[in-house]
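The values are calculated or read from the model by the stated rules, or taken from the named source; none is laboratory data. These numbers come from a predicted model, not from an experiment. Cβ coordinates were reconstructed from backbone atoms using ideal geometry, including for glycine residues, and neighbour counts include every protein chain displayed.
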Amino acid sequence: MPKTVQELLQDARRVVPEWDTEQVRKALDSQDWVLLDVREKDEYREGHLPGAISLPRGFLELRVEQLVPDKRKPIIAYCAGGTRSLLAAKQLIEMGYEKVVSMAGGFTAWKNQGLPWKQDRQFTAEQLTRYSRHFLLPEVGEDGQSRLLDAKVLLIGAGGLGSPTAFYLAAAGVGTIGIVDHDVVDLSNLQRQILHTHDRIGMPKVESARMTLQALNPDVKVIGYQERLSSENALRLFADYDVIVDGCDNFPTRYLVNDACVMLGKPNVHGSIFQFEGQASVFYPGKGPCYRCLFPEPPPPGAAPSCAEAGVLGVLPGLVGCVQALETIKLILGVGKPLIGRMVYFDTLSMEVRIHKLRRDPKCPVCGEQPTITKLIDYEEFCGLRTPVGGGAVAAAAAR
Amino acid sequence: MEESARPIRLSVKLHATLRRYLPAGVEAEPFSVELFEGARVSDLLARLGIPDDHAKICIVDGEQSPKERVLRDGASVALFPPLAGG
């Protein structure tokens, strides 16, 4: 038999307890409740209770099991005035949620009583469209997108690895991307370094990268450092960033990036390649091994040739650089299981992908229990590319 | 190593720059290496002629292992060098 709205609300009141704002406030202080805001997205954006999950009523049945998989979890639903949340709560009870209450008076009553509420980042209309596919993912959503926009990521190198990493970080809306690279665009780079273009040959890579990234996403602030990373500038450059992405092309810089990250406690998203093979990992100080735990000493000079010496399939850094971008985004969002203590290894000719568990070395000279390296050293000398002071310079060319 | 000890057979794979140490005649990987019971990762490295100072990760049966680890018969060993390129 058809029912009027009043009858529907009466039906709901028979099964849904209605709590006033004071009861809700006390409950939130004392117990692990899920707070569900069932208003439309634009209402939520204008202000909501702290910790509330936005789930507009139109999507309630479709998404609630993804957001609240445990049906024993108690839920407080609220809307603007208490009507929509009453109907939503009844629906949740019918879906098997064991304890659901509706907040009488809704957000309006809450706010009028001077109780705490917050307003999220106000996205522009363009941002709402640009990041709409992220907003659909509960693991990202508006909160995650806001974190991405606030994040600062420093890329070491705008070459084969740095190119795809930078592209996807910019597309994802990582708000500040710093790039350290002293080099200029060369014709031989264009087989794989997709940030750069033929008409920019001779242009500093950081400038070319800035042009490409800002053309893709004007939201992103790109800061170029056209200098060689060194023991003198590394700590200063890293200090302003949340995540460091190592896409460099030589061992002295890899050890320098590692040591500086350990000293500053910053995550180092590592990627490296050779011909048809590549590897990636996340070295997170205090949470897993560092690069030196795996490779306490560099290989002898000449034993591990660079891409310029040994060649590289152009698409390979695309694969590894995308893994680095993905891991960086996971770290920023705090979702999933980052590659901490694990290394992914790609052998693209056989298309074998392996993940190995890695161990932290308690005797590691930089992150171990009794570190012997407590300040940045001369990494060219450490890698045997320059004899100690007084011994005369030998081939110091970085592996390019 | 005791020559009288029971032989063990390992399945070995070398990666990237370590491929230069593939035994002569080996074309497909993984390849088989025979050592003796009680042999360690370091014995395998010596057999393959990989210098001690060549940085590498030794993965035995999927886990990073120190050079002192004793190998079991049938173990799968993969050796990975650090890669410079980017």
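For the range A:330-349, which residues satisfy the criterion of being small (Gly, Ala, Ser) and more than 27 Å from A:Gln145 (Cβ to Cβ)?
A:Gly341
Working only within the range A:339-354, note down all residues that are in contact (Cβ under 8 Å) with a residue 12 or more places away in the chain and in a strand (DSSP E or B).
A:Ile340, A:Arg342, A:Met343, A:Val344, A:Tyr345, A:Phe346, A:Asp347
For chain B, list the strands (runs of 3 or more DSSP E) that sit wholly inside it and hold at least 2 residues that are surrounded by 15 or more Cβ atoms within 10 Å (Cβ to Cβ) and more than 13 Å from every other protein chain (Cβ to nearest Cβ); which are they?
Per the criteria, B:7-14, B:31-36.
Of the residues in the range A:169-193, how many are within 14 Å of chain B (Cβ to nearest Cβ) and either out of contact with any helix residue (DSSP H, G or I) (no Cβ under 9 Å at 6 or more places or on another chain) or surrounded by 19 or more Cβ atoms within 10 Å (Cβ to Cβ) (or both)?
7
Among the numbered criteria (1) touching a strand residue (DSSP E or B) at 6+ places or on another chain (Cβ under 6 Å); (2) more than 24 Å from A:Ala125 (Cα to Cα); (3) polar (S, T, N, Q), which single criterion is violated by A:Ser30?
Status for A:Ser30: all satisfied but (1).
Only one of (1) assigned to a loop (DSSP other than H, G, I, E, B); (2) modelled with pLDDT under 95; (3) closer than 30 Å to A:Lys26 by Cβ is not met by A:Leu137, so which one is it?
Just one mismatch for A:Leu137, condition (3).
State whether the residues of the range A:313-320 include one that is in contact (Cβ under 8 Å) with a residue 40 or more places away in the chain, part of a helix (DSSP H, G or I) and more than 10 Å from every other protein chain (Cβ to nearest Cβ).
Yes, there is a match, as at least one residue in the range A:313-320 is in contact (Cβ under 8 Å) with a residue 40 or more places away in the chain, part of a helix (DSSP H, G or I) and more than 10 Å from every other protein chain (Cβ to nearest Cβ).
Select from the range A:126-168 the residues that are under 20 Å from A:Gly271 (Cα atoms) and surrounded by fewer than 17 Cβ atoms within 10 Å (Cβ to Cβ) and list them in ascending order.
A:Lys152
Please state which one of A:Thr176, A:Thr129, A:Thr165, A:Thr197 is of a type in the set (S, T, N, Q) and under 22 Å from A:Ser281 (Cβ atoms).
Result of the check over A:Thr176, A:Thr129, A:Thr165, A:Thr197: A:Thr165.
Would you point out the residue of the range A:152-168, among those that are within 19 Å of A:Met203 (Cβ to Cβ) and within 11 Å of chain B (Cβ to nearest Cβ), that is nearest to the chain's Cα centre (by Cα)? Step through it out loud before you land on a result.
So in the range A:152-168, the residues within 19 Å of A:Met203 (Cβ to Cβ) come out as A:155, A:157-160, A:162-163, A:166-167.
Subset that is within 11 Å of chain B (Cβ to nearest Cβ): A:155, A:157-160, A:162-163.
On the way: A:Leu155: 13, A:Gly157: 18, A:Ala158: 19, A:Gly159: 21, A:Gly160: 20, A:Gly162: 15, A:Ser163: 17 Å.
If we take residues in the range A:152-168 being within 19 Å of A:Met203 (Cβ to Cβ) and within 11 Å of chain B (Cβ to nearest Cβ), then A:Leu155 is nearest to the chain's Cα centre (by Cα).
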